[in-house]
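Rule-based calculations on the coordinates, nothing more; no lab input. Because the structure is a prediction, the values reported are computed rather than measured. A quick note on method: Cβ atoms are made from the backbone with ideal geometry, for glycine too, and the neighbour counts reach across all protein chains shown.
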Amino acid sequence: MSASHRISLLVCTLAALSVGLGACTSVPRALVQPTQWLTPYRSDVLQGNFISSEQVAQLTPGLSRLQVRNLLGTPLVSSLFHADRWDYVFSIKRGTGETRMYRYTVFFRGDALERFEGDAMPSEAEFIAQLDVRRKLGAVPPLQASPEQLKAAQDAAPASAAVPAPATPVPPAAVAYPPLEGVRP
């Protein structure tokens, strides 16, 4: 390639670049900056003990500590300085940055439940609906075949598709294993 061809190619390239860069000012910033529309996946973080409204409905004054623990689970916070108070804390931090926190406290007098208070807890169905943010694909088809469908599938299967029984029996599993290291005298 001659020197004059190289210079004309360089001039054309510089002209195309300047036109292209000039056009970038008219393109929306969101298209030019991928950080505006391309973000990494952030998972939801669940921490603490989830307590449903159904569990709270079963609390009655007079229950023992063991019964409360069986009903609500182990408390997240139980202090030596406040032995008659158990705190249950649960938080959901979404990948989008939104955080929802639930708190519930039970108070004891001796071994018996005296009172309880806290946030309005969601039901189990409401909580699961909060977690299930996936795209809905429609109704799930029935996963059970009718007797007619089973018979039709059996008739349609070729005879060669049947799995033959093994000709030789499978040996029993070993009961003793050799030592991992050699025997030392």
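Taken over region 82-123, the residue count meeting the criterion of being in contact with a strand residue (DSSP E or B) (Cβ under 9 Å, 6 or more places away or on another chain) and at positive phi is 1.
Within region 99-110, is there a residue that is of a type in the set (A, V, I, L, M) and under 24 Å from the mean Cα position of the chain (by Cα)? Checking region 99-110: at least one residue is of a type in the set (A, V, I, L, M) and under 24 Å from the mean Cα position of the chain (by Cα).
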